[in-house]
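Notes for the one structure printed next.
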Amino acid sequence: MQNKNIEVGRYIVSPMSHADTEGQFVASVSIRSGTGATSTDRIWRFIHRFPSSASALRYATTEGANWARRH
């Protein structure tokens, strides 16, 4: 499941979650910048497992936005 993209400075943060084989949820986030040939997309997959998709999305959103604010 993908949450809404958020703009943080020059970055677009796209949090995502999906269920693992044990019924827990895994968080990941895409952080994009630039356009065309100069674009960059960083994708992080987090180790922590969550009891719901919503909590995984909150975690991914927070981590991605915090990273974008620092860079």
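The values are calculated or read from the model by the stated rules, or taken from the named source; none is laboratory data. Because the structure is predicted, anything quoted here is derived from the model rather than measured. Cβ coordinates were reconstructed from backbone atoms using ideal geometry, including for glycine residues, and neighbour counts include every protein chain displayed. What goes into the accessible areas is simple: the full protein's heavy atoms, side chains included, and nothing from ligands, DNA or RNA. Shrake-Rupley method; radii C 1.70, N 1.55, O 1.52, S 1.80 Å.
Observations
- The number of residues in the range 1-49 being of a type in the set (A, V, I, L, M), open to solvent by less than 80 Å² (accessible area, probe 1.4 Å) and without any contact (Cβ under 8 Å) to a residue 60 or more places away in the chain comes to 9.
- Inside the range 50-71, residues that are aliphatic (A, V, I, L, M) and either open to solvent by 80 Å² or more (accessible area, probe 1.4 Å) or within 9 Å of Ala27 (Cα to Cα) (or both) make up a count of 3.
- If you go through the range 24-65 and keep only what is of a type outside the set (Gly, Ala, Ser), assigned to a helix (DSSP H, G or I) and within 16 Å of Ser14 (Cα to Cα), you end up with Leu57, Arg58, Tyr59, Thr61, Thr62, Glu63.
- Residues being touching a strand residue (DSSP E or B) at 6+ places or on another chain (Cβ under 8 Å) and under 22 Å from His71 (Cβ atoms) - total across the range 10-47: 23
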